[in-house]
There are 2 protein chains.
Amino acid sequence: MFRVPRTSLAVLLSLSLAGTAAAQPKPTGADRTVRAIRDSAGFKVAVATLDREHERIVADTITLTEIPAPPFKEKVRAEAYLALLKSHGLSVVEMDAEGNVMGLRRGTAAAGQPLVVIAAHLDTVFPEETNVKVRREGTKLFAPGVGDDTHSLAVLLGYIRALDAGKIRTKRDILFVGNVGEEGPGDLRGVRYIFTKGKYKDRIAAFFSMDGTSAERVTYGAVGSRRYRVTFKGPGGHSYGAFGIVNPMGAMAKAVSDFNMIQVPTKPRTTYAASVVGGGTSVNSIPDAIWVEVDMRSEGAPELAQLDAKFQQIVKDAVAAENAARSTRVGSVTAEVKLIGDRPTGSTRLDAEIVQVTEAAVRAAGYTPVLGASSTDSNMPISLGIPAVTIGSGGSGGRAHAVDEWIDVAKPESLKGMQVGLSALLAMAGV
Amino acid sequence: MFRVPRTSLAVLLSLSLAGTAAAQPKPTGADRTVRAIRDSAGFKVAVATLDREHERIVADTITLTEIPAPPFKEKVRAEAYLALLKSHGLSVVEMDAEGNVMGLRRGTAAAGQPLVVIAAHLDTVFPEETNVKVRREGTKLFAPGVGDDTHSLAVLLGYIRALDAGKIRTKRDILFVGNVGEEGPGDLRGVRYIFTKGKYKDRIAAFFSMDGTSAERVTYGAVGSRRYRVTFKGPGGHSYGAFGIVNPMGAMAKAVSDFNMIQVPTKPRTTYAASVVGGGTSVNSIPDAIWVEVDMRSEGAPELAQLDAKFQQIVKDAVAAENAARSTRVGSVTAEVKLIGDRPTGSTRLDAEIVQVTEAAVRAAGYTPVLGASSTDSNMPISLGIPAVTIGSGGSGGRAHAVDEWIDVAKPESLKGMQVGLSALLAMAGV
């Protein structure tokens, strides 16, 4: 997950509202809905439960964070989460064929009617051997994956207990999901399965992805991404004896170096990174293959396409430059460009109910909504026209995707933040 | 191993000799010594034995090639070779503390007198998972490591059998060695041990390294090398969320790209290669560490030092460029430059007996000696002032250090080539 505020839009919205109501925005229908939910006796009991059980949510966060869950290796964590979902008394708790785990909290509507999904992802970006031991310093928890997205998994369990304690019956069923494959190489395989093959695929009326901590964010835009693994191949040979022949390392280095100099627009936000690299036989050999992975993203489809085209040209040019600079007598350098990730760009309409109630839920909790676009599990429903937003689990955090990732679970902010998701969820499920 | 002919020198020598003896070089003392050895009845029986047992040498080559022996993981092959040495009836067959295996063929001199070593190296450049199955096509054998240096191991065994069959008693003891650590990361650890700590260290009067196939080569020069592993570190972070921060991949790519453009002298031969690279967390993360290994070599010490200095500056500049190009707000890119290989430059004197008799042995077999410099196990004795040359096992081969490495074991050339090493060895051991 990640998003960056489309600040300009938020500012424009708040300015225009300020103009009509003397710095006090006029409540919308969504605001009234959320207000009614928050004022209900059941919601108050639910919040009191989250308050009382704060340390339990922290403990669950630590337990789950310390189970490694690299892309495609989420199974152990998934089974642990499945067991937790089962212990929370949901009606149909299961793991699907892709490895997602889920449990249904039945609403008052007849079985088989449209439902609302709230999901957190099981996977982290970190390889299996990463030290995932959580270090706690006061209210801060430090560990790879702790905020992206393990804390959210724990918060969803807190929601189930809170709803049960508050005896809150929703109209629609709510499906609680811990899904696989959100990060990098997973390429949204978890939600892709849920929306295209899973048993609930035709029943999903609205989708919340809870990803990261920020309580202010309302990610309605899907940042598109294209990811490639480029393998540069050459003849290889002895570093001394074969000196003078082409080296695929040279093509890789020039390609990455030139890629690294591309200027991208800040609006729509467009980014790139060369992220993972490998190859070579031994220090005294000219390598026969070097591969590198790159990530490109944009809020704008044309900008992403343009960046992609530049990248393709850079790879071609780097190969040509290496073949021109050194001897090809025993073979040339070639590049195989393999698409390993392709996420659609798109957005949920700003006037869609899910965006409206989530913004209202953010405001009701005392925050200013920050609307934005990102690359998250919501990209999948958004690309299918299903209303979806990505929200945060509350509290704060930083350094996602870095080994020094952290979250702050100080109770006041956490509790305030958790009410955003809970009230938005109830607004969409109906009470 | 590898060497490239110092052609100019060979040409100059032959021209000057040509000038004094009307295109027919005058036989030297060494030529007479080698001639006498070749003409002896014992040597003829020895050669007949090599001839008869040709397929046994090929079979041993295949057997040993198919035992993987990456740097630091030579043990299984070493034990197999130890067993073969034992079965050849040498007097003291053992593995030393470094993992070298060796056996002594006693001479007629009193025990403990100076001896001659002939060694082939056990290790290959290829990682453990490399397919080392030998593919035979007629007289050609294809497999990683087959010629560098596994065939030599089999030829040494052939020599022992041939000497025994010819009932050849040398004056000096001959130590037959299969040593570890010649390639890349091994950094000559095998011979370093033999010459600085091994039980024979104070007795070695002359050293032959048999490495590669060429029967014409007389490698008397030690190509120096410096090898580094550079680790570029940075803060790392989310590829989208943290876009704009420094990326160690950028510094690595610029460093390799600039390194790749260095112009080096062809005389003294000077080479470089970026050879192995790795790092990164996942495709959607800006990496926090990228490492790359480089190899630099030269026949000339000042040229090597100059190349090294350029490399160090390039690394510094690449780090500075990355830190200038992107934000360092969460941390800067740094580079840790670690020396992982350092082999001395030097040479055995051209008028040394070992060079003279080896040249004579090459000529006596019908070849033109190609004198040259290389980076081989001989670098170690050469740096200690002990007479040493690196020779070939006979036959031909190519693509050393590449997975399509091959040798041609066609009998006539192989047999002709094997007599070079055998007669030079006998000349140095004394008969």
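The values are calculated or read from the model by the stated rules, or taken from the named source; none is laboratory data. Since this is a predicted model, take the numbers as computed values, not measurements. Reconstructed Cβ throughout: ideal geometry from the backbone, glycine too, with neighbour counts over all protein chains shown.
At a glance:
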read-out: Count of residues meeting criterion [part of a helix (DSSP H, G or I), surrounded by 22 or more Cβ atoms within 10 Å (Cβ to Cβ) and free of Cβ contacts under 8 Å to residues at least 12 places away in the same chain] in the range B:281-327; value: 0
read-out: Residues (part of a loop (DSSP other than H, G, I, E, B), within 26 Å of residue A:358 (Cβ to Cβ) and either among the hydrophobic types (A, V, I, L, M, F, W, C) or in contact with a Gly (Cβ under 7 Å, 6 or more places away or on another chain) (or both)) located in the range A:92-124; value: A:100, A:109, A:122, A:123, A:124
read-out: Candidate set from the range B:104-124 (those that are aliphatic (A, V, I, L, M) and touching a helix residue (DSSP H, G or I) at 6+ places or on another chain (Cβ under 6 Å)); member that is surrounded by the most Cβ atoms within 10 Å (Cβ to Cβ); value: B:122
read-out: Yes/no for residue A:413 being surrounded by fewer than 24 Cβ atoms within 10 Å (Cβ to Cβ), in a strand (DSSP E or B) and modelled with pLDDT of 95 or more; value: no
read-out: Residue match in the range A:35-48 (condition: at positive phi, modelled with pLDDT of 95 or more and not basic (Lys, Arg)); value: no
read-out: Filter pass, residue B:375 being within 14 Å of chain A (Cβ to nearest Cβ) and over 30 Å from residue B:289 (Cα atoms); value: yes
read-out: Single condition residue B:228 does not satisfy, out of (1) in a strand (DSSP E or B); (2) of a type in the set (Phe, Trp, Tyr); (3) within 8 Å of another protein chain (Cβ to nearest Cβ); value: (3)
read-out: Qualifying helices (runs of 4 or more DSSP H) (wholly inside the range A:26-74; at least 3 residues being within 25 Å of residue A:124 (Cα to Cα) and polar (S, T, N, Q)); value: A:54-65
read-out: Test: residue in the range B:78-101 that is modelled with pLDDT of 95 or more, farther than 23 Å from residue B:160 by Cα, out of contact with any strand residue (DSSP E or B) (no Cβ under 7 Å at 6 or more places or on another chain) and exposed (fewer than 15 other Cβ atoms within 10 Å of the Cβ); value: yes
read-out: Checking residue A:181 against (1) touching a residue at least 40 places away in the same chain (Cβ under 8 Å); (2) over 12 Å from residue A:98 (Cβ atoms); (3) assigned to a loop (DSSP other than H, G, I, E, B), the condition it does not meet; value: (2)
read-out: Residue in the range A:175-182 that is charged (D, E, K, R), within 14 Å of another protein chain (Cβ to nearest Cβ), over 15 Å from residue A:381 (Cα atoms) and crowded, with 24+ Cβ neighbours inside 10 Å present; value: no
read-out: The range A:254-268, residues that are facing chain B (nearest Cβ under 10 Å) and either over 15 Å from residue A:323 (Cα atoms) or free of Cβ contacts under 8 Å to residues at least 40 places away in the same chain (or both); value: A:256, A:257, A:258, A:259, A:260, A:261, A:264, A:266
read-out: Positions within the range B:242-253 being within 8 Å of another protein chain (Cβ to nearest Cβ) and either surrounded by 24 or more Cβ atoms within 10 Å (Cβ to Cβ) or closer than 9 Å to residue A:253 by Cα (or both), in sequence order; value: B:242, B:247, B:249, B:250, B:252, B:253
read-out: Answer residue from the range A:189-224, given it is out of contact with any helix residue (DSSP H, G or I) (no Cβ under 7 Å at 6 or more places or on another chain) and within 29 Å of residue A:406 (Cβ to Cβ) and is nearest to the other protein chains (Cβ to nearest Cβ) among those; value: A:223
read-out: Out of B:219, B:170, B:213, sole residue that is in a loop (DSSP other than H, G, I, E, B) and within 30 Å of residue B:301 (Cβ to Cβ); value: B:213
read-out: Among (1) in contact with a Gly (Cβ under 7 Å, 6 or more places away or on another chain); (2) among the aromatic types (Phe, Trp, Tyr); (3) modelled with pLDDT under 95 - the single one residue B:240 does not satisfy; value: (1)
read-out: Failed item in (1) surrounded by fewer than 24 Cβ atoms within 10 Å (Cβ to Cβ); (2) within 14 Å of chain B (Cβ to nearest Cβ); (3) at positive phi, with residue A:145 passing the rest; value: (1)
read-out: From A:320, A:289, A:242, residue being among the small types (Gly, Ala, Ser), out of contact with any Cys (no Cβ under 9 Å at 6 or more places or on another chain) and more than 27 Å from residue B:224 (Cα to Cα); value: A:320
read-out: Residue A:333, sole failed condition from (1) within 9 Å of another protein chain (Cβ to nearest Cβ); (2) within 30 Å of residue B:227 (Cβ to Cβ); (3) crowded, with 17+ Cβ neighbours inside 10 Å; value: (1)
read-out: Answer residue from the range A:343-360, given it is among the small types (Gly, Ala, Ser) and touching a Phe, Trp or Tyr at 6+ places or on another chain (Cβ under 9 Å) and is farthest from residue A:294 (Cα to Cα) among those; value: A:352
read-out: Qualifying residue in the range A:350-358 (condition: modelled with pLDDT under 95 and aliphatic (A, V, I, L, M)); value: yes
read-out: Residue within the range A:344-364 that is within 14 Å of another protein chain (Cβ to nearest Cβ), basic (Lys, Arg) and surrounded by 18 or more Cβ atoms within 10 Å (Cβ to Cβ) present; value: no
read-out: Number of positions in the range B:311-352 that are more than 26 Å from the chain's Cα centre (by Cα) and at negative phi; value: 24
read-out: Options A:72, A:2; residue that is modelled with pLDDT under 95, under 28 Å from residue A:147 (Cα atoms) and among the aromatic types (Phe, Trp, Tyr); value: A:2
read-out: Residues of the range A:269-280 classified as crowded, with 22+ Cβ neighbours inside 10 Å, within 27 Å of residue B:276 (Cα to Cα) and either more than 11 Å from every other protein chain (Cβ to nearest Cβ) or out of contact with any helix residue (DSSP H, G or I) (no Cβ under 8 Å at 6 or more places or on another chain) (or both), total; value: 1
read-out: Answer residue from the range A:382-410, given it is within 14 Å of another protein chain (Cβ to nearest Cβ) and buried (at least 24 other Cβ atoms within 10 Å of the Cβ) and is nearest to residue A:192 (Cα to Cα) among those; value: A:390
read-out: Flag for residue A:209 being touching a His at 6+ places or on another chain (Cβ under 9 Å), surrounded by 23 or more Cβ atoms within 10 Å (Cβ to Cβ) and modelled with pLDDT under 95; value: no
read-out: When residues of the range A:112-142 are limited to those that are hydrophobic (A, V, I, L, M, F, W, C) and over 28 Å from residue A:172 (Cα atoms), the one nearest to the other protein chains (Cβ to nearest Cβ); value: A:125
